[in-house]
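One structure below.
The values are calculated or read from the model by the stated rules, or taken from the named source; none is laboratory data. Since we're looking at a predicted model, the values are computed, not measured. Cβ placement follows ideal geometry from the backbone for every residue including glycine, while neighbour counts extend to all protein chains displayed.
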Amino acid sequence: MTYDLVIFDNDGVLVDSEPISNRLLAAYLTELGHPTSYEDSIRDYMGSAMHRIHELVLERRGERLPAEFDDVFHRRVFAAFERELRPVAGAVDVLEKLAADEVPYCVASSGSHERIRVGHRTTGLDRWFEESRIFSSQDVGKGKPAPDLFLYAAERMGVSPSRCVVVEDSPLGVQAAVAAGMDVYGFTAMTPADRLAGATQLFSDMGELSGLLA
């Protein structure tokens with residue numbers, strides 16, 4: 001099938017941020033008295049909007065995270081991005097091919113607009129994403145696995161959900177795309193294939209994506 005819009009997740013799909021942010025999230029939660037390993041963070045929080053972290057900690061521990069949690073976490077993450085962040089291998093080639101073929105694309109991320117922008121500036125991906133191509137869970141007030149963000153992105157880009165394909169690397173993202181009535185290609189570089197059940201197609205190397213989209 002030829003699609004009228006390719007919707008990219010950001011973290012782990014375009015920018016190789018998941019190892020950085022989950023390492024820091026696990027350390028910060030542990031520091032606050034909520035012991036969390038890197039593996040725990042990947043399993044429980046990868047692909048989540050910030051509100052879900054607060055909700056899960058409250059549900060499991062009966063305690064609220066401090067009011068300054070988001071600000072402190074983002075400061076730590078952005079500082080680490082400046083030192084360490086790189087594009088996902090092969091992502092630039094995919095974007096170049098889509099642009100050359102005039103295939104519409106955008107990014108729809110659980111992260112904030114600021115997080116997306118910091119990551120794109122640091123990695124040089126900002127040249128591919130003017131403001132009209134960037135959508136965040138901030139825009140809809142609800143993160144994945146709710147379909148709201150993907151439906152909002154499709155509406156703003158003027159494309160029917162049935163004509164969209166989502167590129168995702170998290171179970172929450174795959175669930176959101178399926179709920180939105182969109183095809184979804186599951187990227188298994190960091191996530192075991194069995195955790196992306198429901199994806200239309202699975203792939204492990206970003207270099208494969210252009211061929212799949214063709």
**OP:** Go over the candidates VAL118, VAL107 one by one and state the one that is under 17 Å from SER21 (Cβ atoms) and not in a helix (DSSP H, G or I).
**Re:** VAL107
**OP:** Please indicate, with yes or no, whether at least one residue in the range 153-167 is within 27 Å of SER41 (Cβ to Cβ) and either at pLDDT below 95 or part of a helix (DSSP H, G or I) (or both).
**Re:** yes
Original post:
Looking at LEU25, is it over 17 Å from the mean Cα position of the chain (by Cα), outside the structural domain of ARG115 (by TED's automatic domain parsing) and not acidic (Asp, Glu)?
Top reply: no
Original post:
So which residues in the range 14-45 are in a loop (DSSP other than H, G, I, E, B), surrounded by 18 or more Cβ atoms within 10 Å (Cβ to Cβ) and not aliphatic (A, V, I, L, M)?
Top reply: ASP16, SER17, THR36
Original post:
Quick one: how many residues across the range 60-80 are at pLDDT 95 or above and either among the acidic types (Asp, Glu) or not assigned by TED's automatic domain parsing to the domain that holds SER41 (or both)?
Top reply: 3
**OP:** Return yes or no: is LEU65 crowded, with 18+ Cβ neighbours inside 10 Å and closer than 30 Å to GLY211 by Cα?
**Re:** no
Subject >> Single match in ALA146, ALA154 (criterion: closer than 22 Å to ASN22 by Cβ and either surrounded by 19 or more Cβ atoms within 10 Å (Cβ to Cβ) or out of contact with any Lys or Arg (no Cβ under 6 Å at 6 or more places or on another chain) (or both)) >> reply: ALA146
Original post:
Among the listed residues ALA108, ALA89, which satisfies the condition of being among the small types (Gly, Ala, Ser), crowded, with 20+ Cβ neighbours inside 10 Å and touching a residue at least 40 places away in the same chain (Cβ under 8 Å)?
Top reply: ALA108
Original post:
Applying the selection to the range 174-195, what residues are modelled with pLDDT under 95 and either outside the structural domain of ALA146 (by TED's automatic domain parsing) or within 15 Å of the chain's Cα centre (by Cα) (or both)?
Top reply: ALA189, MET190, THR191
